[in-house]
Amino acid sequence: QVQLVESGGGLVQAGGSLRLSCAASGSIFSINAMGWYRQAPGKQRELVASISSGGRTNYADSVRGRFTISRDNAKNTVYLQMNSLKPEDTAVYYCNAEARARFSTSTYLYWGQGTQVTVSS
């Protein structure tokens, strides 16, 4: 009912920048919070940043000051601008969204398929 598609991952040198996008589509009634998570090999998935429908943001300590999350509610899209990238930022990045589909009375957490970010030293 709701699909999330990430884009913008890739290979970048340390100190470089990338911008990730995640577009929600389908039979959407409303979207509440949206966020970005990441999972490095052998590690658990962790929160990177989140943003409420009103624009309130939250960041992991490891990325605060380097990453910026934003959203375009008209496009049902969330972005993650990543600057000053470090090798330890290498991971698969996933977006999620708390969304309510049309003709549904419940809100569910939807996930994208993930996009690889690799930072070389």
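Tell me, which residue of region 77-86 that is surrounded by fewer than 18 Cβ atoms within 10 Å (Cβ to Cβ) and in contact with a Ser or Thr (Cβ under 6 Å, 6 or more places away or on another chain) is farthest from Gly15 (Cα to Cα)?
Initially, region 77-86 is screened for residues surrounded by fewer than 18 Cβ atoms within 10 Å (Cβ to Cβ), giving 81, 83-84, 86.
Now drop any that are not in contact with a Ser or Thr (Cβ under 6 Å, 6 or more places away or on another chain), which leaves 81, 83.
Working: Gln81: 13, Asn83: 7 Å.
Among residues in region 77-86 that are surrounded by fewer than 18 Cβ atoms within 10 Å (Cβ to Cβ) and in contact with a Ser or Thr (Cβ under 6 Å, 6 or more places away or on another chain), the one farthest from Gly15 (Cα to Cα) is Gln81.
For Ser52, all conditions in the list (1) out of contact with any Ser or Thr (no Cβ under 7 Å at 6 or more places or on another chain); (2) within 30 Å of Ser121 (Cα to Cα); (3) small (Gly, Ala, Ser) hold save one; what is the number of the exception?
Checking Ser52 against (1) out of contact with any Ser or Thr (no Cβ under 7 Å at 6 or more places or on another chain); (2) within 30 Å of Ser121 (Cα to Cα); (3) small (Gly, Ala, Ser), the one that fails is (2).
What strands (runs of 3 or more DSSP E) completely inside region 1-76 contain at least 1 residues that are open to solvent by less than 30 Å² (accessible area, probe 1.4 Å) and at pLDDT 95 or above? Please lay out each step first, then the result.
Working: elements: 2-7, 10-13, 18-26, 28-39, 46-51, 57-59, 67-72.
In region 1-76, the matching strands (runs of 3 or more DSSP E) lie at 2-7, 10-13, 18-26, 28-39, 46-51, 67-72.
Condition test on Val117, is it in contact with an Asp or Glu (Cβ under 7 Å, 6 or more places away or on another chain), closer than 17 Å to Ala40 by Cβ, surrounded by 17 or more Cβ atoms within 10 Å (Cβ to Cβ) and of a type in the set (A, V, I, L, M, F, W, C)?
Values: in contact with an Asp or Glu (Cβ under 7 Å, 6 or more places away or on another chain): yes; closer than 17 Å to Ala40 by Cβ: yes; surrounded by 17 or more Cβ atoms within 10 Å (Cβ to Cβ): yes; of a type in the set (A, V, I, L, M, F, W, C): yes.
It is true that Val117 is in contact with an Asp or Glu (Cβ under 7 Å, 6 or more places away or on another chain), closer than 17 Å to Ala40 by Cβ, surrounded by 17 or more Cβ atoms within 10 Å (Cβ to Cβ) and of a type in the set (A, V, I, L, M, F, W, C).
Take the residues in region 18-35 that are touching a Ser or Thr at 6+ places or on another chain (Cβ under 9 Å) and free of Cβ contacts under 8 Å to residues at least 60 places away in the same chain, then tell me which one is nearest to Val119 (Cα to Cα).
Here the answer is Ser21.
Every residue in region 87-103 that is open to solvent by 80 Å² or more (accessible area, probe 1.4 Å) and either in contact with a strand residue (DSSP E or B) (Cβ under 7 Å, 6 or more places away or on another chain) or assigned to a loop (DSSP other than H, G, I, E, B) (or both), please.
Correct list: Arg102, Phe103.
The values are calculated or read from the model by the stated rules, or taken from the named source; none is laboratory data. Computed from a prediction, not measured in an experiment: that's the story for all the values here. Methodologically, a virtual Cβ is constructed for each residue, glycine included, from the backbone with ideal geometry; neighbour enumeration extends over all protein chains shown. With ligands, DNA and RNA removed, areas are computed over all heavy atoms of the protein, side chains included. Shrake-Rupley method; radii C 1.70, N 1.55, O 1.52, S 1.80 Å.
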